[in-house]
Amino acid sequence: MRRRCLHIIGLFCLVGLLWSCANAPPVKQDNVIFKNPEAEKRANRLRKLLIINPDDVEKRIQLGRIFLSEDMTQEAIIELKKALKTDPERIDALLLLSLAFQKLPKPDLTKALELLKEASEIEPDNADVHLNLAQVHNKLKNEGEAIDEFNQAIELSNDPVTLVSAHLGLMATYERRGDSEKANKEYEAAYEIYPGVEDMIKQAEISRITPAPKYAGEEFRGGGDGLHPPIEKRIKHAIEEIEKLNRR
């Protein structure tokens with residue numbers, strides 16, 4: 001009788017343990033928490049579809065793109081590598097993977113450059129590839145190579161966004177070299193394509209001087225976008241910083 005009671009108690013304990021495990025809240029690791037609930041839904045849908053067809057390159061790239069937009073860089077790298085294993089000549093996957101290596105906490109610019117060179121060999125007339133090559137060369141301080149790649153992007157493209165980006169990239173490179181004449185020429189070329197570039201440059205300068213804080217606090221609510229102080233405060237701070245520079 002006693003043995004039977006112990007057996008029943010044991011069964012109840014086992015059932016209780018299984019029940020608590022089944023109803024335990026899911027554990028989320030820090031590196032897989034989404035900021036955007038809609039992005040999480042799209043990612044989960046894509047994951048389910050990729051279980052059915054793991055070689056679907058389009059969906060694999062879409063998933064990698066979502067991870068990149070959510071700053072889940074390592075996850076993006078995993079998915080984009082899988083896409084390239086299935087189709088090694090996918091230019092969009094190579095471009096996104098290059099961007100992912102640039103977004104790592106410790107950017108791997110050498111790997112990013114290697115991927116872009118690979119893309120350039122596959123599609124030598126792709127203006128976006130040359131624009132990305134130029135930007136990575138700039139980060140590596142390879143100014144001569146950057147200038148060549150920016151010029152190639154301009155030659156090959158008829159897309160206004162690519163053209164403006166390339167002209168502004170050349171402008172910044174020539175400014176660093178102290179060549180004001182060439183820098184002004186590139187600015188004028190960008191302005192001719194898109195007159196709003198002047199406001200864009202001013203806003204970029206304001207953002208550079210007043211970067212986003214590490215976290216959103218009370219000061220940033222009710223005025224800006226939740227990450228920056230209200231624009232009035234940012235401009236005021238920018239003017240103060242410029243005045244300090246002028247006094248030096």
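Every read-out reported here was derived from the displayed coordinates using simple, explicitly stated rules and does not represent laboratory data. These figures come from a predicted structure and were not determined experimentally.
Structural remarks
- Each distinct pair of alpha carbons in segment 35-108 adds a 1/r term; the inverse of their mean, the Kirkwood radius, is 12.2 Å.
- Here the contact order of segment 52-111, divided by its residue count and restricted to Cα pairs under 8 Å and six or more residues apart, works out to 31 percent.
- For segment 111-161: Kirkwood Rh in Å [reciprocal of mean 1/r, alpha carbons]: 10.7 Å
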